[in-house]
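Below is one structure, written out as structure tokens, with a few remarks after it.
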Amino acid sequence: MQSWVWWLIASTASLLLLGICLLMATIRIRCTYKHRQKEDLLQLDVRMLGFTLYQLEAPLIEWNENEGTVSISGKK
């Protein structure tokens, strides 16, 4: 067989093996919601193979009963 055929077979097999490993990998999702007095905080982390794929920190919402207003401050 020609050498380019071996390269094609090897690269296809490598990509297939990598795909199978990624499908079998553990994905960890951590969702944390904290409510302290009148402040809320929602955090979401998605990790796979020790790497952070997605991270979200929702804005803090504070309700002021005296004035009837809502203030929002966010972090990224």
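Observations
- Residue count for the range 1-36 under the criterion of being under 30 Å from residue 65 (Cβ atoms), modelled with pLDDT of 90 or more and among the hydroxyl-bearing types (Ser, Thr, Tyr): the result is 1.
- Candidate set: the range 20-30, residues that are among the β-branched types (Val, Ile, Thr) and part of a strand (DSSP E or B); chosen: the one most open to solvent (accessible area, probe 1.4 Å): 29
Results for (1) in contact (Cβ under 8 Å) with a residue 40 or more places away in the chain; (2) surrounded by fewer than 10 Cβ atoms within 10 Å (Cβ to Cβ); (3) not in a helix (DSSP H, G or I), shown as yes or no for each residue.
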{"position": "5", "(1), (2), (3)": "no, yes, no"}
{"position": "15", "(1), (2), (3)": "no, no, no"}
{"position": "18", "(1), (2), (3)": "no, no, no"}
{"position": "32", "(1), (2), (3)": "no, no, yes"}
{"position": "43", "(1), (2), (3)": "no, no, yes"}
{"position": "54", "(1), (2), (3)": "no, no, yes"}
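- Criterion violated by residue 39 - all others in (1) modelled with pLDDT under 90; (2) under 19 Å from the mean Cα position of the chain (by Cα); (3) open to solvent by 70 Å² or more (accessible area, probe 1.4 Å) satisfied: (2)
The values are calculated or read from the model by the stated rules, or taken from the named source; none is laboratory data. Just so we're clear, the structure is a prediction, and the values are computed from it rather than from any experiment. When we count neighbours, we look across all protein chains shown, and the Cβ atoms used for this are built from the backbone with ideal geometry, even at glycine. Quick note on the areas: whole protein, heavy atoms, side chains included, nothing else; ligands and nucleic acids left out. Shrake-Rupley method; radii C 1.70, N 1.55, O 1.52, S 1.80 Å.
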